[in-house]
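Undergrad: Below is the structure I would like to discuss, written out as structure tokens.
Any read-out appearing in this document is the output of simple, stated calculations on the displayed coordinates, not a laboratory observation. Just so you know, these numbers come straight off a predicted model, no measurement behind them. Neighbour counts run over all protein chains shown; Cβ positions are idealised from the backbone, glycine included.
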Amino acid sequence: MLVVGDVILDEYLIGKTTRLSREAPIPVLEFETRQLIPGGAANPAANIAALGSTAIQVGVIGPDSAGTNLRQVLQARGIDTGCLVTDAGRPTTVKSRIMAQMGLRFPQQVARLDTLSREPIHAGVERQVRAMLDQHIRQVNAVLLSDYHCGLLAPALVETIRILAADAGVLLTADAQGELDKYAGFGVVKCNADEARAYLRRDLETAEDFAAAALEIGAALRLTGSMVITRGGDGATVALCAEKRAMHSPAPAVTDVYDTVGAGDTAIAVLTLAVAAGASYSEAAALANYASGLVVRRVGNYTPRPDELAWALATWGDTH
């Protein structure tokens, strides 16, 4: 599978709290560990690899140590990084989180510092990305776009990808993160409840509200497969666009929810994998709910393994 989008290096700096600073009302942490994890569009790729499939990462990094680190952490997870393009004019996107170890199960986030550019990629880099896509798109059965609004997935490039995928006859999915109009004509598009509300400019509360919203957005985008609205602990609403009907996929009864970071990335990765493997859209959404349920029980981006997903299915029961 090709995973295209804004790749991010997630850095976790973890320290033990010792005292309050004399300089400001903040805790002083003594450094213990540093963790580097694939983030942004690199997280769906990590999920795909963890679940036993093949992921080719397409994205843009900077000519810096963070870019080298991101390439290395992806390779360590078995992800093909040959389609990462280096842009000399921009930094690798890094989200650095300072975490305080306070004797709890997981450390608590104290602050976050982002290093990034939101400028569109320049024409030369875009040509390289297009060449990578053209070279590999007939070797895969799905293309997943993950949009973190950092300059790669401009409308013109998205339209090029749509045309290439249609010509190659491969599944095309997207996690739009609000910018839904760019993804017209795709197979499957996912957004969350707040993004659906913002797009439609109205409140959505009941299951009937979300069913109507998913159908409306799917029709507006002329989707060929399904529009999926994820709703956290309330599960997901799945519109079957060709059939003009929607259904609700309930979330499993997850306990010990610690962090929702990365759950959406896991959802789109599992949705894409399942549909590409022949699952129905409702079956794919149910699997995505279980996989996301595993993620929220951890801190930061977590990539469930097949045995963990099997455990969740067996333990939490069939809620579909």
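Undergrad: So which residues in segment 143-160 are touching a helix residue (DSSP H, G or I) at 6+ places or on another chain (Cβ under 9 Å) and either closer than 15 Å to Ser117 by Cβ or buried (at least 16 other Cβ atoms within 10 Å of the Cβ) (or both), if there are any at all?
TA: Within segment 143-160, Val143, Leu144, Leu145, Ser146, Asp147, Leu152, Leu153, Ala154, Leu157, Val158, Thr160 qualify.
Undergrad: If a residue counts only when it is aliphatic (A, V, I, L, M), in contact (Cβ under 8 Å) with a residue 40 or more places away in the chain and surrounded by 24 or more Cβ atoms within 10 Å (Cβ to Cβ), which strands (runs of 3 or more DSSP E) contained entirely in segment 1-64 have at least 2 such residues?
TA: 2-5, 7-20, 56-61
Undergrad: On to the next question. Which pairs do you get when a residue that is in contact (Cβ under 8 Å) with a residue 12 or more places away in the chain, found in segment 204-224, comes within reach of a residue that is part of a loop (DSSP other than H, G, I, E, B) and of a type outside the set (A, V, I, L, M, F, W, C), reach meaning Cβ atoms under 6 angstrom, with the pair 6+ apart or on two chains?
TA: From segment 204-224, the pairs are Arg222/Gly185; Thr224/Gly187.
Undergrad: Consider segment 193-224. How many of its residues are surrounded by 22 or more Cβ atoms within 10 Å (Cβ to Cβ) and not aliphatic (A, V, I, L, M)?
TA: Residues meeting the conditions: 2.
Undergrad: Of all residues in segment 102-127, which are surrounded by fewer than 16 Cβ atoms within 10 Å (Cβ to Cβ) and among the polar types (S, T, N, Q)?
TA: Passing the criteria: Gln108, Gln109.
Undergrad: Something else: Can you tell me how many residues within segment 235-252 are within 11 Å of Asn289 (Cβ to Cβ) and either not in a strand (DSSP E or B) or not hydrophobic (A, V, I, L, M, F, W, C) (or both)?
TA: Number satisfying all stated conditions: 6.
Undergrad: Same structure, new question: Every residue in segment 153-194 that is over 22 Å from Ala284 (Cα atoms) and either in contact with a Phe, Trp or Tyr (Cβ under 6 Å, 6 or more places away or on another chain) or in contact (Cβ under 8 Å) with a residue 60 or more places away in the chain (or both), please.
TA: Matches in segment 153-194: Leu153, Ile161.
Undergrad: Would you mind telling me which numbered condition in (1) in contact with a helix residue (DSSP H, G or I) (Cβ under 9 Å, 6 or more places away or on another chain); (2) on the phi > 0 side of the Ramachandran plot; (3) among the small types (Gly, Ala, Ser) Ala45 fails?
TA: (2)
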